[in-house]
Amino acid sequence: MTRRTLLGGAAALAAARFRLHAEPTLEPARQLEQILGRIRPPEFPNRAFEITRYGARDGGQIKATEAIGKAIQACSAAGGGRVVIPAGVFLTGAIHLASNVNLHLEDGATLRFSQDPQDYLPVVFTRFESTECMNYSPFIYAFEQTNIAVTGSGTLDGGADADHWWPWKKNAVRGPQPASSDNRALLDQGEKDVPVSQRVYGEGSTLRPNFVQPYRSANVLIEGVAIRNSPMWELNPVLCRNVTVRNVKISSHGPNNDGCDPECSTDVLIEGCEFDTGDDCIAIKSGRNRDGRRVNALCENIVVRNCRMKDGHGGVSIGSEVSGGIRNVFMENNRMDSPHLDRALRVKTNSHRGGELESFYFRNNTVGEVAGGVIDIDFYYEEGPGGPFTPSVRNVVVENITSQRSRYALYLRGYDNAKISGVRVAHCVFNNVAQPDVIENVASLELVDDLRNGQPMAAK
């Protein structure tokens, strides 16, 4: 099947840089080795551009937006280096990264983002919950840049709370889930193929911006920083290639506060991170409904390893926006444990999202406690069945998992006309499971040397 990425306009010349890599059929170990071999964090010249040299002032009272912007442009023009945020508290609006720039937060540094929506205008080309639009700028944004980073031991504080950003979720209308009226309007525009240039939100709207969003960019590094109080999704690389997210600590419990959402991207490594979130810790996405099928870009070759997941809807989730397809996800040596973590591995889609989802490897992970299922594959998410785009899920390998407490070991629900296929569960131990497995419309399920509450498991 031929895949294309809709770039359009001035971006057409750059299309080749952002095409998703077509992975040949290989054994999983060899495939993982090749993926990791391609992922290389960017390197930067040894030049430092401290924002105080450009007028930034410590104290968190005077906005440093202009000073940070000047430092970024000077750094990029000089051929690259570090834009340094020194120890202290610096108030800022939107930050737009440029090629060859590492935004580096020193120990004791805090970037505190303004609570005024005006500081995230003019609108930029972005996505809201996987639908393209023109909206408030993400707090840290890069569009069609190469070799960019956000690093250091400092803190990114989004300033979202019960009075700022999060209440926009409560502007609800009737529908399958609570959502702002602007959200519903944007979904309608996506279904009707309204040109993205006409999907203009921003001032006066209630579509919350994401925190960090590199868009159509290559060679991206996010490392070391702490992130808190985000309006919604924290880290959201879209249509990116060669992305490393390493040793990041995220604690943000607002609505839709996903930790890291690689979307329509290829060759992504997420390692050594800690997630304590109000939604999925990690959610892998590829566009929503008709708009996702229009862009038609896979999310593939994703590696999640040595991470810690605390609170959240899912430790690693695939979806729910999966219309462009997702494949080759490796999840290894992670620790997932909280009574407020709903599921360990979650695949969520429905007959409106559709999507071809294949080759997920969930191996050598430790699950302390989850509230729901350890392994959850559900075609009944939100709209459920009855739509025209039945999903496909195949080749899901679960190996060497130990779980201490859960409601279900396996919760697998396909459709009569679209069965889940190729699920292999091997050498797993599921302790203190409260309810029997749910297995509906699964074409093939292989269980090998698995124990549930001390008893051998048997496929239904």
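Here A14 clears all of (1) surrounded by 13 or more Cβ atoms within 10 Å (Cβ to Cβ); (2) modelled with pLDDT of 95 or more; (3) not in a loop (DSSP other than H, G, I, E, B) except the condition numbered (2).
Residue-by-condition table, conditions (1) within 24 Å of E132 (Cα to Cα); (2) in the same structural domain as I282 (by TED's automatic domain parsing); (3) under 20 Å from the mean Cα position of the chain (by Cα); (4) touching a residue at least 40 places away in the same chain (Cβ under 8 Å):
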| site | (1), (2), (3), (4) |
| --- | --- |
| S323 | yes, yes, yes, yes |
| E332 | no, yes, yes, no |
| D342 | no, yes, yes, no |
| I375 | no, yes, yes, yes |
| D378 | no, yes, yes, no |
| Y381 | yes, yes, yes, yes |
| P388 | yes, yes, no, no |
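Which residues, taken from segment 282-299, are free of Cβ contacts under 8 Å to residues at least 60 places away in the same chain and closer than 16 Å to V212 by Cβ? Within segment 282-299, I282, A283 meet the criteria. Residues in segment 301-327 that are at positive phi and surrounded by 24 or more Cβ atoms within 10 Å (Cβ to Cβ): N301, G312, G319, G325. Suppose the filter is charged (D, E, K, R), surrounded by 17 or more Cβ atoms within 10 Å (Cβ to Cβ) and closer than 18 Å to I302 by Cβ; does R394 pass it? So R394 fits the description; yes.
Consider L91 carefully, then state whether it is touching a Ser or Thr at 6+ places or on another chain (Cβ under 8 Å), within 23 Å of D157 (Cβ to Cβ) and not assigned by TED's automatic domain parsing to the domain that holds R216. Outline the logic, then answer.
Values: touching a Ser or Thr at 6+ places or on another chain (Cβ under 8 Å): yes; within 23 Å of D157 (Cβ to Cβ): yes; not assigned by TED's automatic domain parsing to the domain that holds R216: no.
When the stated conditions are applied, L91 does not pass them.
The single condition from (1) under 13 Å from the mean Cα position of the chain (by Cα); (2) within 26 Å of H427 (Cβ to Cβ) that N365 fails is (1).
The strands (runs of 3 or more DSSP E) located wholly in segment 296-351 that include 1 or more residues which are within 18 Å of G278 (Cα to Cα) occupy 312-318, 341-348.
Cβ-Cβ contacts under 8 Å between residues 6 or more apart (or on different chains), taken from a first residue in segment 131-145 that is more than 16 Å from W165 (Cβ to Cβ) to a second residue that is at pLDDT below 95 and assigned to a loop (DSSP other than H, G, I, E, B), are absent.
Out of all the residues in segment 205-212, is one or more under 27 Å from G312 (Cβ atoms), out of contact with any Lys or Arg (no Cβ under 6 Å at 6 or more places or on another chain), among the β-branched types (V, I, T) and surrounded by 22 or more Cβ atoms within 10 Å (Cβ to Cβ)? For segment 205-212, residues under 27 Å from G312 (Cβ atoms), out of contact with any Lys or Arg (no Cβ under 6 Å at 6 or more places or on another chain), among the β-branched types (V, I, T) and surrounded by 22 or more Cβ atoms within 10 Å (Cβ to Cβ): present. Please find, within segment 441-460, the residue that is surrounded by the fewest Cβ atoms within 10 Å (Cβ to Cβ) out of those that are touching a Phe, Trp or Tyr at 6+ places or on another chain (Cβ under 9 Å) and in contact (Cβ under 8 Å) with a residue 24 or more places away in the chain. The qualifying residue surrounded by the fewest Cβ atoms within 10 Å (Cβ to Cβ) is N441. Exactly one residue out of D193, D258 is over 29 Å from L103 (Cβ atoms), out of contact with any Pro (no Cβ under 8 Å at 6 or more places or on another chain) and of a type in the set (D, E): that is D193. Within segment 314-335, does at least one residue satisfy the condition of being among the aliphatic types (A, V, I, L, M) and in contact with a His (Cβ under 9 Å, 6 or more places away or on another chain)? Checked against the condition, which is being among the aliphatic types (A, V, I, L, M) and in contact with a His (Cβ under 9 Å, 6 or more places away or on another chain), segment 314-335 yields no hits at all.
Every residue, every condition in (1) crowded, with 18+ Cβ neighbours inside 10 Å; (2) touching a strand residue (DSSP E or B) at 6+ places or on another chain (Cβ under 7 Å); (3) closer than 24 Å to A409 by Cβ, yes or no:
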site: H352; (1), (2), (3): yes, no, no
site: L357; (1), (2), (3): yes, yes, yes
site: F360; (1), (2), (3): yes, yes, yes
site: N365; (1), (2), (3): yes, yes, yes
site: E369; (1), (2), (3): no, yes, yes
site: G373; (1), (2), (3): yes, yes, yes
site: F379; (1), (2), (3): yes, yes, yes
site: G387; (1), (2), (3): no, no, no
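Scanning segment 110-129 for residues that are surrounded by fewer than 19 Cβ atoms within 10 Å (Cβ to Cβ), of a type in the set (S, T, N, Q) and either touching a Ser or Thr at 6+ places or on another chain (Cβ under 7 Å) or in a helix (DSSP H, G or I) (or both) yields a total of 2.
The values are calculated or read from the model by the stated rules, or taken from the named source; none is laboratory data. This is a predicted model, so every value here is computed, not measured. So basically every Cβ, Gly included, is an ideal-geometry build from the backbone, and we count neighbours across all protein chains shown.
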